[in-house]
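Here the structure is laid out as structure tokens; the discussion comes afterwards.
The values are calculated or read from the model by the stated rules, or taken from the named source; none is laboratory data. Quick caveat, the model's predicted, so the values are computed rather than measured. Here the Cβ positions follow ideal geometry from the backbone for every residue, glycine too, while neighbour counts run over all protein chains shown. Surface areas here come from the heavy atoms of the whole protein model, side chains and all, with no ligands, DNA or RNA. Shrake-Rupley method; radii C 1.70, N 1.55, O 1.52, S 1.80 Å.
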Amino acid sequence: MADPTLKTEFIKTGTANVPNERGYYGDFGGRFVPETIIPALDELTVAYQEAMADPDFQQRLMNLHQTYTGRPTPVTYAKRLSEQLGGAQIYLKREDLAHTGAHKINNALGQALLAQRMGKKRIVAETGAGQHGVASATASSLLGLECHVYMGSVDMARQQPNVFRMKLLGTEVIPVESGTRTLKDAINEAMRDWVTNVRSSFYLLGSALGPHPYPMIVRDFQSVIGMEARQQMLNQTGRLPDVAIACVGGGSNAIGLFHGFRDDDVDLIGVEAGGHGIESGEHAARFADPRYGRPGVLQGTRSYVLQNADGQIMNTHSVSAGLDYASVGPEHAYLRDTERAFYTLATDQEALAALQTLAQTEGIIAALESSHAVAEAVKRAPSMSKDSVILVNLSGRGDKDLGTIMKELKID
Ligand SMILES: *Cc1c(COP(=O)(O)O)cnc(C)c1O
């Protein structure tokens, strides 16, 4: 049963001190795009601000979250995991229980409602592993919008179940054959489509990335995670957690969690993909590897980017597709520089071990991405006192990863 004292709150926007009106988070963010895209970004910014100031829009989103997404998602006390680790008490924010199995639906529904309000009947999106494509396809079919998802042909071959899901939901999946035929090529194609068809089309961007206003819009739509979790922790434990932990790919689930605790005395920890380890160079730890992770511009925004000495974008590696990206949302770069949040990493092996530990103590098979956040809790909890509290954002469920997990763990 949902907690009756818990209301899914209206999303507050404009209360954070970032971004400024040019879309900057300190030195990060902005709009590094061709001139032709600027009017579309301006139109979107105005429409978004009007929507968020309109109680009817907020009410529609809230109703959909309650009756469709399954919000509020619960907070679960991980009693057996906490006992096994012997230190801090661990709580899990259960985004894995949201419709489609992850937090991405929070953003997809918000943006699809905005598209509808703007009179745009055609959704354009990009996808890498297919999770954002599925969330976009889901929101589009719910709201009666046409949906076109660009996906690298290499990714399509790797992620067949998600390609099939999108098709089943009535979405057109467009193979991208340019470049490395993966996510960044798909983003380029989706942008091109948007600019060509901007009058009828809405570009539904999947993480806290891209040119302003996207990082702000995605943050605001995902902040429902942190706002709910804050109230749930107060209701269930009578206090706030000492530490809040989330994995960081583009950074949307983390920024959504962090915003709930932004003004509190709570340590905010983001966990990047350490892949085969920093030394190997095969990872997606933009903040942890000073050899390659430096401020730069990728896909419309200035943030930390994994690049070689010539500014060439590095190839990244992670066992989890959702964390496998060379850049990170600009607000995370800002939170790190201002030391409001701290960033660390978990390797593939640590994430896989944490996934098994959680499965065997709590009966929850987490997504590989989320298992990076669990791994950090596993490292921290033993040295913390028994009356301290860690909150972990469980961004998604592991069903999509079963093939990879079985291969990596050599289970048959
Ligand atoms: C996509 C995804 C992520 C990574 O995206 P963020 O924008 O960093 O949140 C994390 N967890 C799950 C389950 C995902 O599907």
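General remarks:
- All told, Tyr334 meets the bar of being in a helix (DSSP H, G or I), in contact with a Gly (Cβ under 8 Å, 6 or more places away or on another chain) and farther than 30 Å from Arg80 by Cα.
- Subset of segment 378-404 [within 30 Å of Arg158 (Cα to Cα), assigned to a helix (DSSP H, G or I) and open to solvent by 70 Å² or more (accessible area, probe 1.4 Å)]: Asp399, Lys400, Leu402
- All conditions in (1) within 16 Å of the ligand (Cβ to nearest atom); (2) over 16 Å from the mean Cα position of the chain (by Cα); (3) within 21 Å of Leu92 (Cβ to Cβ) hold for Thr182, with the sole exception of (3).
- In segment 13-27, the residues that are modelled with pLDDT under 95, buried (at least 17 other Cβ atoms within 10 Å of the Cβ) and of a type outside the set (A, V, I, L, M): Thr13
Rundown of residues vs (1) in contact with a strand residue (DSSP E or B) (Cβ under 9 Å, 6 or more places away or on another chain); (2) free of Cβ contacts under 8 Å to residues at least 40 places away in the same chain; (3) within 13 Å of the ligand (Cβ to nearest atom), yes/no style:
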residue: Leu335; (1), (2), (3): yes, no, no
residue: Leu355; (1), (2), (3): yes, no, yes
residue: Ser371; (1), (2), (3): yes, no, yes
residue: Ala381; (1), (2), (3): yes, no, no
residue: Ser385; (1), (2), (3): no, no, no
residue: Lys410; (1), (2), (3): no, yes, no
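- Hits in segment 337-349 - residues which are assigned to a helix (DSSP H, G or I) and within 16 Å of the ligand (Cβ to nearest atom): Asp348
- Tally, over segment 203-224, of residues that are more than 10 Å from the ligand (Cβ to nearest atom) and among the β-branched types (Val, Ile, Thr): 2
- Hey, Ser303 of a type in the set (Ser, Thr, Tyr), open to solvent by less than 10 Å² (accessible area, probe 1.4 Å), assigned to a helix (DSSP H, G or I) and at pLDDT 95 or above or not: no
- Scanning segment 41-61 for residues that are open to solvent by less than 30 Å² (accessible area, probe 1.4 Å) and either in contact with an Asp or Glu (Cβ under 9 Å, 6 or more places away or on another chain) or not aliphatic (A, V, I, L, M) (or both) yields Thr45, Tyr48, Met52, Phe57, Gln58.
- Reported count of residues in segment 186-213, each being buried (at least 24 other Cβ atoms within 10 Å of the Cβ) and free of Cβ contacts under 8 Å to residues at least 24 places away in the same chain, is 0.
- Of all residues in segment 209-260, those that are closer than 15 Å to Glu369 by Cβ, in contact with a strand residue (DSSP E or B) (Cβ under 9 Å, 6 or more places away or on another chain) and not in a loop (DSSP other than H, G, I, E, B) total 9.
- Test result for Glu339, out of contact with any strand residue (DSSP E or B) (no Cβ under 9 Å at 6 or more places or on another chain), more than 25 Å from Lys104 (Cα to Cα) and without any contact (Cβ under 8 Å) to a residue 60 or more places away in the chain: yes
- Residue that is nearest to the ligand (Cβ to nearest atom) [pool: residues in segment 245-283 that are over 15 Å from the mean Cα position of the chain (by Cα) and of a type in the set (A, V, I, L, M, F, W, C)]: Leu268
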